[in-house]
1. Classify region 439-488 as rounded, prolate or oblate, taking a ≥ b ≥ c as the square roots of the eigenvalues of its Cα gyration tensor: rounded when a/c is under 1.5, otherwise prolate if a/b is larger than b/c and oblate if not.
2. Stretched out fully, how many nm does the piece from Phe421 to Thr55 gain, at 0.36 nm a residue minus the Cα gap?
3. By a straight-distance test (C-alpha under 16 Å), which lysines pair with Lys339 as possible cross-link partners, with residues fewer than eight away in the same chain excluded?
4. Given R₀ = 22 Å, what would the calculated FRET efficiency be for Lys207 paired with Ser402, taking r from the Cβ atoms and rounding to 0.05?
5. With just the Cα atoms defining each centre, how far is region 526-591 from region 284-324? Give it in Å.
6. List the lysines whose alpha-carbon lies under 18 Å from that of Lys61, not counting same-chain residues fewer than 8 positions away?
7. If you take every residue apart from Glu312 with its C-beta less than 12 Å away from the C-beta of Glu312, what net charge results, scoring Lys and Arg +1 and Asp and Glu -1?
8. Tally Lys and Arg at +1 and Asp and Glu at -1 over the other residues with C-beta under 12 Å from the C-beta of Ser507: what net charge comes out?
Amino acid sequence: MENNNTQVLAYIEQYAKIFNSVAQDIIQRASTGNEQSSPLLGDLEKLQKLLAGNTRLDPSKLFEQQMQYMQKQTDLWQRATKAMMGEELNTPASNRKPDKRFAHQDWESNPVFNYIKESYLINVDMITNMVDAVEFEDPKDAEQAKFFTRQYLNSLSPTNFVLTNPEVCEEILKTEGQSILKGMQAYLEDLEQSPLEAFKMRQSDTKSFTLGKNLACTPGKVVYRNELIELLHYTPKTKTCHEVPVLVTPPFINKYYVLDLAEDKSLAGGLLDSGHSVFMISWINPDAELAEKDFFDYMRQGPLEAMDVIKEITGKDKVNLTGFCVGGTLSALSAAYLKAKGDESVNSLTLLTTLLDFSRPGEVANYLSPDMLSMIEQNADIKGVFDGRIMAMSFSLLRENSLFWSFFIDNYLKGKDPAPFDILYWNSDSTNIPASCFKQYLHLTYWENKLCKPGSINIDGVAIDLANIDVPVYFLNTVADHIVLWQSAYEGTKLVGGNTRFVLGGSGHIAGVINPAKGGKYPHWTNNALPSTAQEWFDGATQHQGSWWIDWHKWLKPMSGKRIKPPQPGACENLPPLGDAPGEYVLKVLQ
């Protein structure tokens, strides 16, 4: 063991000069920029502020926890000492959940690594219990304190450091130090591609995917373009199609092709297979020139203009509108706006993992305290856009062990190349948001929760009331979604006026939605009733194996009209094709 540690240290020292030289060069170039410091304060400073606020702590609880902590550390030290002297290492049974970070056998069998792991977990328990015992005057402060405590403690895991992770040490010895050199190079390459406010970590092999070939490859044409969108019209797959077309509105905080991944798991492709005429919005990846475009502009130049174009192409006066995540919120706003104006263009509304009532937005709200919101907005104003890479990192840190630290360890400490993974490739292909849109969206939703309050939003003299949406509405949420909690999304069913169906899919925010009819591996739950609470709905729900797509397509069919000869992309004389799908907007990559 001692000889191995000496070798590991020797390899680290051998490449230290190389690392320092390259790092110094990148730091020097970065320091000449004008970017602001990070607006995301998920660190110890933020935690200290929260704990120094209006809080109370029961001294008896604190004393009890300190005594338990001291006893656990004493017991651990005694076991470790005996193991070091040659006795068998016996770790007492624990009621902790299995932790993937400590799966390597040395965490249990090696006395040194076992002591490091157990000591860390004892400290985690002690600090977590202390924060849980603190009484906060504001419940939101309590949630933030717990969130940032978890972030801080997970960042200190011994798995995140070279000499305290047995897998990393093994890799260094096996490769004679080449793994750590490769990891350093990868780290510096990613650092160079990152804004100062966030760290863009590669999560997938970027060379394995090409848009238009093995992602975003459903055939079609760009049939319309404005400042904010390209409208894609997909080539029909069936001899006849339903007469009422479908418009899919993806979130503008990401690129659309999460809904058109590989052919076998394309949501757009699934609709085509079911005989629908399908249109997709592809959002611009904006720069500072579009800084003044706000959330209402995204509605006007997004779903509203797209529906006008679709009606002209198809000759039909109605559209089945579908929105995903933020695109769902935008679609609901669009439907309410049109209804208030007496426009009957929306035939049905499908909302995929969408919030309408933001009173319980989940862990995302931890980034939106008053001081943090001010810094985020200031950062967006200075740049003219909110950098999509900051948002990507913030969402990854909601599941920091699986979506951040695991890649940090594999990429940089072990020098491994990320495996090809289409969803993670898409997740890393970030999109900016215009400053005005970003700020207005945050205030209307997360900050002031106006969408669920009738008349609180006024657009061009039109008061918005979601209850005016009297068309059929389909809600799809997923049971493990950490961005849009399904229980919170359920509240949206009480806000719309139409005949409403709520379905719950398996898995999370992305994988639960992209769960194709053929080979879908996650189940879904249905309940024809809509009781007053989400828990009551779930208690009365029936679980079905396989994809929710089947249920959705069945629900959509009666609203889709008779079968007709499919309109072909680019065949409309007034709207000649501007190019092949996936178009130009989706190809712009942040540098």
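The values are calculated or read from the model by the stated rules, or taken from the named source; none is laboratory data. Please read all numbers here as calculations on a predicted model, not as lab measurements. Cβ placement follows ideal geometry from the backbone for every residue including glycine, while neighbour counts extend to all protein chains displayed. SASA here: full protein model, heavy atoms, side chains in, ligands and nucleic acids out. Shrake-Rupley method; radii C 1.70, N 1.55, O 1.52, S 1.80 Å.
1. Numbers: a/c = 3.05, a/b = 1.38, b/c = 2.21.
In terms of gyration-tensor shape, oblate.
2. Working: separation 366, 0.36 × 366 = 131.76 nm, distance 4.45 nm.
Extra length from Phe421 to Thr55 when fully extended: 127.3 nm.
3. Partners within reach: Lys318.
4. Values: r = 24 Å, r/R0 = 1.07.
FRET efficiency, Lys207 to Ser402: 0.40.
5. 16
6. Within the straight-line limit of under 18 Å, Lys61 reaches these lysines: Lys72, Lys146.
7. Details: positive: Lys311, Lys316; negative: Glu305, Asp308, Asp317, Glu573.
That sum, taken over residues with Cβ under 12 Å, equals -2.
8. Working: positive: Lys521; negative: Asp481.
Counting the neighbours of Ser507, the net charge comes to 0.
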